[in-house]
1. Select the helices (runs of 4 or more DSSP H) contained entirely in the range 51-125, then report the ones holding at least 3 residues which are within 18 Å of residue 326 (Cβ to Cβ) and touching a residue at least 24 places away in the same chain (Cβ under 8 Å).
2. With 189, 248 as the choices, which residue is open to solvent by 30 Å² or more (accessible area, probe 1.4 Å) and under 21 Å from residue 339 (Cα atoms)?
3. Of all residues in the range 418-468, count the ones that are outside any helix (DSSP H, G or I), closer than 19 Å to residue 130 by Cβ and not aliphatic (A, V, I, L, M).
4. I want to confirm something. Restricting to the range 342-394 and keeping residues that are part of a helix (DSSP H, G or I) and among the polar types (S, T, N, Q), which single residue is nearest to residue 73 (Cα to Cα)?
5. Test residue 201 against the criterion of being in a helix (DSSP H, G or I) and either touching a residue at least 24 places away in the same chain (Cβ under 8 Å) or exposed (fewer than 15 other Cβ atoms within 10 Å of the Cβ) (or both), and give yes or no.
6. Determine, yes or no, whether residue 400 is open to solvent by less than 20 Å² (accessible area, probe 1.4 Å) and part of a strand (DSSP E or B).
7. For the condition buried (at least 18 other Cβ atoms within 10 Å of the Cβ), of a type in the set (Gly, Ala, Ser), more than 23 Å from the chain's Cα centre (by Cα) and at pLDDT below 95, what is the one hit in 155, 148?
8. Mind listing whichever residues of the range 425-444 are within 23 Å of residue 374 (Cα to Cα) and open to solvent by less than 20 Å² (accessible area, probe 1.4 Å)?
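The values are calculated or read from the model by the stated rules, or taken from the named source; none is laboratory data. Quick caveat, the model's predicted, so the values are computed rather than measured. Virtual Cβ from ideal backbone geometry, glycine too; neighbours counted across all protein chains shown. With ligands, DNA and RNA removed, areas are computed over all heavy atoms of the protein, side chains included. Shrake-Rupley method; radii C 1.70, N 1.55, O 1.52, S 1.80 Å.
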Amino acid sequence: MPNYLAPTATIRRVYVATLIALALAVASTSGFSATPLIDKPGIDSPFMDTATAPCTDFYRFAIGIWQDNSPIPADRARWGAFDEIEARNRQVLIAVLKEAAAHNGGIKGQVGAFFQSGIDAAGTDSKAALKTALSAADDARYAKNLAAAMALLHAQGTAAGFNFGVRQDQRDATRYIVQLSQGGLGLPEREYYFAKDVRSAKQREKYVAHISAILQLAGDSKAAADPVAAAIMLLESKLADAAMTRIEARDPDKTYHLMSLEKLQAHAPQFDWPQFFSTLGINHSGDINVGQPNFFKAFAALSHDTPRATWDAYLRWHTLRVIAPHMGEKFEQENFSFYGKELTGVEEMESREKRVTATIDRTMGEALGQLYVAKAFSPTAKARALELVKNVRAALRERIAALDWMSDATKREATAKLDAMEVKIGYPDKWKDYSHVVIKPDDYLGNVLRATRAEFARQIARLGKPIDRSVWNMSPPTVNAYYSSGLNEIVFPAGILQ
């Protein structure tokens, strides 16, 4: 029987109670607040608009004054308590990285060189780096094999055609398996391709113009780029048409279909799946979860029926789309004009310091995280948080025992699950090793690609190995938290505990 741990009401209560308690208890030991936040009232009355009747507009009553005095910054699409904490954390990270940039060797020197390469705008315009990034799409050796070209792009962070990953089996928590899911789109989701309102139609027009603009920055003429952009849009629309809607994709039963490599090849025969996997270095794929079988049947047919020239243009575009934020001012501004301003309404692009810091957090999060926790989250804070969680767990165990609506057998099961739940606080006990990642102070795009490839290789290496319960799915500076039903664990990065 599959070892699939579904979330329960008890576990959700543990998660919420622990998050609230940690936010109060850790604040006084985090190093940020001169006055312990635990001494403040649970409700911040200066934020309230008491002139508004709560029965008329409770939202305004509860937070109206804060909203009046907290305009959304020009470089943000939203603003709230999490965003305030994230902005403060970002400033701490920038300070840490500036200090690290003056060091040589070790983790500090590595992330410092990464930061310096991004701050140097000239270094991001390297034509050699652009050529390297596009080589997987342009290499003549793979001109006759689309599957191999796509595999190379996936390995450097370009999810062309579909999404690929190695993750825990959602119905057998003891193993990692390959997960394939619908994707390959440049717009956020399938509905953007088909919505009939005026705004969506305008966004599609601007998307095609954006594709053309990026291709022109990469060296194409406008006369060549415009029809290619239209062909790419048509191909993506066909992929979108074959995809599940968001509502359909939320059903875990509809997105779980185990297949062997042989069965996948028979199901979607026009695409060379063995070549795709072997190019990734996977010689024994084992069970593969094909999230949306109908999508992959349609994708394989498109891989055969669509002219190769169109696929080559599509691969080139998606490579450029992924690297554009790291390619210098012209590419970065064009990328922001569509994905930032047009799609999210953000008025201004974030500063280079903020953008580079976010990229390092995304690609080498635990390397940066080591420096962050040394500055912002002491061992004392972690120990105090773990002790608090221990007390919360004990209190909930007593509550379960006192419930009159739960049978003794169910209480035993609930208590066993509560006791088995792992709690991760602040940062990992075992850090990822980045010593093999080559970081150069004058090659920002190359650094991004090398770090991305290293993380992809780390993911591939999980296949066939036991589940690693030490892995974190968020970096220490992240202002968020999560509960994993598959691992029965709650995780609170240091970032959210500030």
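1. 81-100, 106-119
2. 189
3. 4
4. This residue is 344.
5. When the stated conditions are applied, residue 201 passes them.
6. So residue 400 does not fit the description; no.
7. Working: 155 fails: more than 23 Å from the chain's Cα centre (by Cα).
Being buried (at least 18 other Cβ atoms within 10 Å of the Cβ), of a type in the set (Gly, Ala, Ser), more than 23 Å from the chain's Cα centre (by Cα) and at pLDDT below 95 holds for just one of 155, 148, which is 148.
8. 425, 426, 428, 434, 437 - these are the residues of the range 425-444 that are within 23 Å of residue 374 (Cα to Cα) and open to solvent by less than 20 Å² (accessible area, probe 1.4 Å).
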